[in-house]
1. Somewhere in the stretch 196-203, is a residue within 12 Å of ligand 1 (Cβ to nearest atom) and in contact with a strand residue (DSSP E or B) (Cβ under 9 Å, 6 or more places away or on another chain)?
2. Does residue 260 satisfy the condition of being part of a helix (DSSP H, G or I), touching a strand residue (DSSP E or B) at 6+ places or on another chain (Cβ under 6 Å), over 15 Å from residue 148 (Cα atoms) and within 16 Å of ligand 1 (Cβ to nearest atom)?
3. Could you say which residue among 36, 46 is closer than 26 Å to residue 285 by Cα, in contact with a helix residue (DSSP H, G or I) (Cβ under 7 Å, 6 or more places away or on another chain) and surrounded by 15 or more Cβ atoms within 10 Å (Cβ to Cβ)?
4. Pull up the stretch 200-217, narrow it to residues that are in a loop (DSSP other than H, G, I, E, B) and over 19 Å from residue 115 (Cα atoms), then point me to the one that is nearest to ligand 2 (Cβ to nearest atom).
5. Return yes or no: is residue 285 assigned to a helix (DSSP H, G or I) and modelled with pLDDT under 95?
6. Outside any helix (DSSP H, G or I), within 30 Å of residue 222 (Cα to Cα), at pLDDT 90 or above and within 16 Å of ligand 1 (Cβ to nearest atom) - does that describe any residue in the stretch 87-103?
7. One residue is enough: does the stretch 268-280 have a residue meeting the conditions surrounded by 17 or more Cβ atoms within 10 Å (Cβ to Cβ) and over 19 Å from the mean Cα position of the chain (by Cα)?
8. Does residue 61 satisfy the criteria of being closer than 29 Å to residue 112 by Cβ, out of contact with any strand residue (DSSP E or B) (no Cβ under 8 Å at 6 or more places or on another chain) and either modelled with pLDDT of 95 or more or surrounded by fewer than 19 Cβ atoms within 10 Å (Cβ to Cβ) (or both)?
Ligand code: PEP
Ligand code: MG
């Protein structure tokens, strides 16, 4: 099995019945990059930038960030780098942030990710400029986390436009066609995905948070872990709505949450129409293997049946059926 997976590394991610699937990697630390290089040509669908901010007293400035993004681009050798603007606050606090202001009584529902970014433009603007400038050195996309309301997206788009104007004035190069996208990880955003999609170049479903917020289960609280269920019909419906919203707007929808990197769900997601997976580096080979041993189009009926099934154990059985011939 190991040998088969190793050999599969450079094979395209195409299903048995010919559906082309984009398989990308999630990067959390600089140290993930060498492993990615060994795994062959793979873009990055989620580059988490929090590591640049945590365990230090002052945030990284524009130049330091630009250097980090250029390092990642060099490691990717021409493949796309999707940089997510920082998702700080919530479960990912950083020192400078912890010091000023009261700790949110419920961090997951508090000043987190893009909410914090819009509240602290002096922290956000340098990151936007660094991402824009990185796009002069390779294919870069910018991705916004935790959007809930369209007005937040509009504020972000305005801010990006202002930073573009600033860079132009100072003669700093950037790619004017850089793609801008959003994570869909709040139920409100999934329910209104099409209106987000109409203003953006791509969406990416963050199932870790989407499940947390849909099922009202704190992802960091072990006492409710057993209720955390990616197969809950409400979660699956929200994934479906997001895929449909993106399709109606004519833009691609990826998934970068843990669910995308779990082989138990690969076939179900293919059956639901997902064609872009972004997964932890150490899952790439296995997910590619399952994609290559699945029939995406014939899986759609089984996916429909599973979404329509209310009982948890009945859904588990249907999933076993879908995965039956997987080694
Ligand atoms: C997610 O929420 O699914 C996601 C990919 O983002 P993070 O895990 O960094 O919150
Ligand atoms: Mg998230």
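The values are calculated or read from the model by the stated rules, or taken from the named source; none is laboratory data. Nothing here was measured: the structure is a model prediction, and the numbers come from that model. Backbone-built Cβ (ideal geometry, glycine too); neighbour counts: all protein chains shown.
1. no
2. Answer is yes for this residue.
3. It is 36.
4. Selected residue: 217.
5. yes
6. yes
7. The answer is yes, given that some residue of the stretch 268-280 is surrounded by 17 or more Cβ atoms within 10 Å (Cβ to Cβ) and over 19 Å from the mean Cα position of the chain (by Cα).
8. yes
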